[in-house]
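Only one structure is covered here, and it is reproduced in the block below.
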Amino acid sequence: MKRGANGEGTNGEGEEMKYRKPVVTPVTSIEHSTIQRRKASGTLGPDILEKLGKQLRGYYDGLIEPVPERFMKILRELDKPGSKGSSE
Amino acid sequence: MLAAVPGLRAFAISLSGNVDRADDLVQETLLRALANIDSFEPGTNMSAWLFTILRNLFRSEYRKRRREVEDGDGRLAGNLKSQAEQPSHLEFEEFRAALAKLPPDQREALILVGASGFSYEEAAQICDSAVGTIKSRVNRARTRLAQLLNIEDVREIGPDSATQAVLTGQDAVK
């Protein structure tokens, strides 16, 4: 039996370290691997989406400031009567 | 038009990471809009039209400069005010840094859909991409952000006994 070489039943023997162990997903990490798969495929849970959404909107709202004066002259041109931009 | 500018400016800051560059982008966008106002069709979405112009200007500039995140000249977005009702400055800065690590196409898609209030269809039009492409970019951006910010969903962990024990306070596993 070479089970030890597959990463199972190792007893801390030095010889085990000589082998390049294949990647084996431990049975005890099924839940963890499920999360990783979901994250990798972009299907985040509702809690994560909610937190991200809140943080994103909070960040964006923090960038909203009154319109700087340097833009006002251009805006007045766009909004003056007869301009197409004034229709909205 | 006036109402669209604060959001346009926030979008520009999100893309460039720099307030002074963002203001230059907004000014150039407005000047182009003024020069090409005849190409705007009344009744269509003025805001989306402006965002499209700004996005194209940024992409054109980005291709030239190839460095859109950190800029030693001018104010960085992280130096902006942090109002009481806004997240703490630390959270703001952490989120800004994470956002800056996203590829530009993912960042713009996420901002347009998740913050600027555009639909996937409108974002696709602004980015000159397919709707499916925008959805994919937004998903990838969210996934990457969740990793960068270490956001975890306890409900995703499922029936793990140790976690359940912590949550319920019973049979705690040490």
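The values are calculated or read from the model by the stated rules, or taken from the named source; none is laboratory data. Keep in mind it's a predicted model, so treat the numbers as computed, not measured. Neighbour counts run over all protein chains shown; Cβ positions are idealised from the backbone, glycine included.
Return yes or no: is residue B:43 of a type in the set (Gly, Ala, Ser) and in contact with a strand residue (DSSP E or B) (Cβ under 7 Å, 6 or more places away or on another chain)? No: the conditions fail for residue B:43.
Every test in (1) surrounded by 16 or more Cβ atoms within 10 Å (Cβ to Cβ); (2) polar (S, T, N, Q); (3) modelled with pLDDT under 85 is passed by residue B:47 save one, and that test is (3). Among the numbered conditions (1) modelled with pLDDT of 90 or more; (2) crowded, with 23+ Cβ neighbours inside 10 Å, the only one that residue B:58 does not meet is (2).
Among all positions in the stretch B:80-95, there is no residue which is within 25 Å of residue B:121 (Cβ to Cβ) and modelled with pLDDT of 85 or more. Going by the conditions given, is residue B:148 modelled with pLDDT of 90 or more, within 19 Å of residue A:51 (Cβ to Cβ) and surrounded by fewer than 17 Cβ atoms within 10 Å (Cβ to Cβ)? Yes, satisfied. Applying the set (1) hydrophobic (A, V, I, L, M, F, W, C); (2) more than 14 Å from the chain's Cα centre (by Cα); (3) crowded, with 24+ Cβ neighbours inside 10 Å; (4) more than 9 Å from chain A (Cβ to nearest Cβ) to residue B:53 leaves exactly one unmet item: (3). From the list B:37, B:13, the lone residue that is surrounded by fewer than 20 Cβ atoms within 10 Å (Cβ to Cβ) and out of contact with any His (no Cβ under 8 Å at 6 or more places or on another chain) is B:37.
Residue B:109 - would you say it is among the small types (Gly, Ala, Ser) and under 13 Å from the mean Cα position of the chain (by Cα)? When the stated conditions are applied, residue B:109 passes them. Inside the stretch B:112-148, can you point out the residues that are facing chain A (nearest Cβ under 9 Å) and not in a helix (DSSP H, G or I)? Of everything in the stretch B:112-148, those that are facing chain A (nearest Cβ under 9 Å) and not in a helix (DSSP H, G or I) turn out to be B:115, B:116. Would it be correct to say that residue B:13 is within 7 Å of chain A (Cβ to nearest Cβ) and within 23 Å of the chain's Cα centre (by Cα)? Yes: the conditions hold for residue B:13.
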